[in-house]
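The values are calculated or read from the model by the stated rules, or taken from the named source; none is laboratory data. Everything numeric here is computed off the predicted structure, so don't read it as measured data. For neighbour counting, all protein chains shown are included, and Cβ atoms are generated from backbone atoms with ideal geometry for every residue, glycine included.
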Ligand code: SF4
């Protein structure tokens, strides 16, 4: 990327300077061992029972099923479902937690200020929003933006699993603690999940964790760490 353009994108992230560490070692992409695997999280029986529920479903049918879904109580408080948006053959799949108020109104994930920051973060590593696919663990907004419950996440995850099966991304970027913990079935903190290559589910898609843009808007001092995560993710994707 043109250095001046990169500078502009980084400035949009609130990062005024960037010095490439050419001597930095490449990330280690390796299958997790039992020792590396984070501890499992609750409701495994529910998850296993529901895993693969949408297997084999094509895009139109999957969209229709989500739009009509009443599998958890969030169907009664949503304005509309938020299925996901982007390139269905994307190399990068960005996964957040759940729709917020604006997403619930517009029916699209990551809109508003957090969405603009996500777009800037992606542009900083040379990706347009239209090049990636963006989705959430949950397709409906939890009232008051509360954290999703385990059962809500378990009921909704099969939709995302089938989106992943259809997209076949090279890399998943989990943004925020809730998304990361639900995708990896762990209670390990985001700070400890960053800067590692995880693997999602049976498909073993490489997964990298970073901060949610809404958090970065509240805590701009962590934008530099997010930039490190994005560079790490780009390097991992290049090596897959
Ligand atoms: S959150 Fe997911 S499981 Fe719950 S009603 Fe919405 S689409 Fe269905």
(message) What's the total number of residues in segment 184-204 that are in a helix (DSSP H, G or I) and buried (at least 17 other Cβ atoms within 10 Å of the Cβ)?
(response) 3
(request) Could you tell me which numbered condition residue 130 fails, if it satisfies all but one of (1) assigned to a helix (DSSP H, G or I); (2) more than 15 Å from residue 230 (Cα to Cα); (3) in contact (Cβ under 8 Å) with a residue 60 or more places away in the chain; (4) more than 16 Å from the ligand (Cβ to nearest atom)? (result) (3)
(request) Scan segment 47-63 residue by residue and report those that are within 12 Å of the ligand (Cβ to nearest atom) and touching a residue at least 24 places away in the same chain (Cβ under 8 Å). (result) 50, 53, 54, 62
(message) Restricting to segment 113-127, and then to whatever is outside any helix (DSSP H, G or I) and out of contact with any helix residue (DSSP H, G or I) (no Cβ under 6 Å at 6 or more places or on another chain), can you tell me which residue is farthest from residue 68 (Cα to Cα)?
(response) 126
(message) On the basis of being in contact with a helix residue (DSSP H, G or I) (Cβ under 7 Å, 6 or more places away or on another chain), buried (at least 21 other Cβ atoms within 10 Å of the Cβ) and either modelled with pLDDT of 95 or more or part of a helix (DSSP H, G or I) (or both), does residue 181 make the cut?
(response) no
(message) For segment 64-90, which positions are away from the ligand (no atom under 11 Å from the Cβ) and part of a helix (DSSP H, G or I)?
(response) 64
(request) Go through segment 205-221 and count every residue that is under 13 Å from residue 195 (Cβ atoms) and assigned to a loop (DSSP other than H, G, I, E, B). (result) 1
(message) Consider segment 49-63. How many of its residues are in a helix (DSSP H, G or I), modelled with pLDDT under 95 and within 21 Å of the chain's Cα centre (by Cα)?
(response) 1
(request) Among the residues of segment 133-178, count how many are surrounded by fewer than 23 Cβ atoms within 10 Å (Cβ to Cβ), under 11 Å from the mean Cα position of the chain (by Cα) and within 14 Å of the ligand (Cβ to nearest atom). (result) 1
(request) Output the residues belonging to segment 75-99 that are surrounded by fewer than 16 Cβ atoms within 10 Å (Cβ to Cβ) and closer than 20 Å to residue 170 by Cβ. (result) 88, 89
(request) Name every residue in segment 65-74 that is loosely packed, with under 12 Cβ neighbours inside 10 Å and under 22 Å from the mean Cα position of the chain (by Cα), in order of residue number. (result) none
(request) Could you check, for segment 100-108, whether at least one of its residues is surrounded by fewer than 21 Cβ atoms within 10 Å (Cβ to Cβ), touching a strand residue (DSSP E or B) at 6+ places or on another chain (Cβ under 8 Å) and in a helix (DSSP H, G or I)? (result) no
(request) Would you mind stating whether residue 155 is touching a strand residue (DSSP E or B) at 6+ places or on another chain (Cβ under 9 Å) and touching a residue at least 12 places away in the same chain (Cβ under 8 Å)? (result) no
